[in-house]
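Right, one structure below, let's go through it.
The values are calculated or read from the model by the stated rules, or taken from the named source; none is laboratory data. A quick note: this is a predicted structure, and the numbers were derived from the prediction, not measured. A quick note on method: Cβ atoms are made from the backbone with ideal geometry, for glycine too, and the neighbour counts reach across all protein chains shown.
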Amino acid sequence: MKNNFVRGKRLYPAHYALLYFTKGEPQQFSRPKLTPKMCRHCGQHIKDYGGYRKIVEEKGLNLSDVWDDLSPVRHASTKTRAANELPTVFFSRIMQISGYPGGVYVDSFMGSGGGVLAALDAHMTAVACDASAESCDLAAKRVQARWGELNGRDGERRATEAPIPRAANS
């Protein structure tokens, strides 16, 4: 857990890094805005934005390099596997910043496939793998289920069959 709780010889998995590669100018790069945090008791802003409060309320806050508003999914009711998962908002935000229809999303540590699902939602091609065959099986089930949802909603198929994630060692 956070706050210096000792976890044996492991670091707390609160810091993840994103790599964004592009050759030349990126085809897509947007800067999403966040809504300011409000107190759940009184409904007022948690921070004092001084003379900028009206602007912050109208336009939102710029997303910084450190996303302290997200944390790994840990509650059993929302997890799809035993290990930590990243929240779906995390992947949606990534697609909003740099994704575009027809683009390619590459995930070499796919886990339960949250990034692949977000790429499908954004009408992108996903290339993903994981060292764990169990993770690939789970991701394949989730991708096939989402594929059926997307094709049922659109009324037309985007490809002849659903993409199926494979384990790196298979």
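Summary table
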item	result
Test: residue in segment 113-128 that is out of contact with any His (no Cβ under 6 Å at 6 or more places or on another chain) and touching a residue at least 60 places away in the same chain (Cβ under 8 Å)	no
Residue pairs meeting the criteria (Cβ under 9 Å; at least 6 apart or on separate chains; first over 15 Å from Ser64 (Cβ atoms) and assigned to a loop (DSSP other than H, G, I, E, B), in segment 27-50; second at pLDDT below 85 and of a type in the set (S, T, N, Q))	Phe29/Thr22
Residue count for segment 56-83, restricted to those that are farther than 30 Å from Ala140 by Cβ, of a type in the set (A, V, I, L, M) and surrounded by 11 or more Cβ atoms within 10 Å (Cβ to Cβ)	3
Extreme residue, nearest to the chain's Cα centre (by Cα), among residues of segment 112-150 that are closer than 18 Å to Met95 by Cα and of a type in the set (S, T, N, Q)	Ser112
Residues of segment 105-142 that turn out to be in a loop (DSSP other than H, G, I, E, B) and hydrophobic (A, V, I, L, M, F, W, C), as a count	6
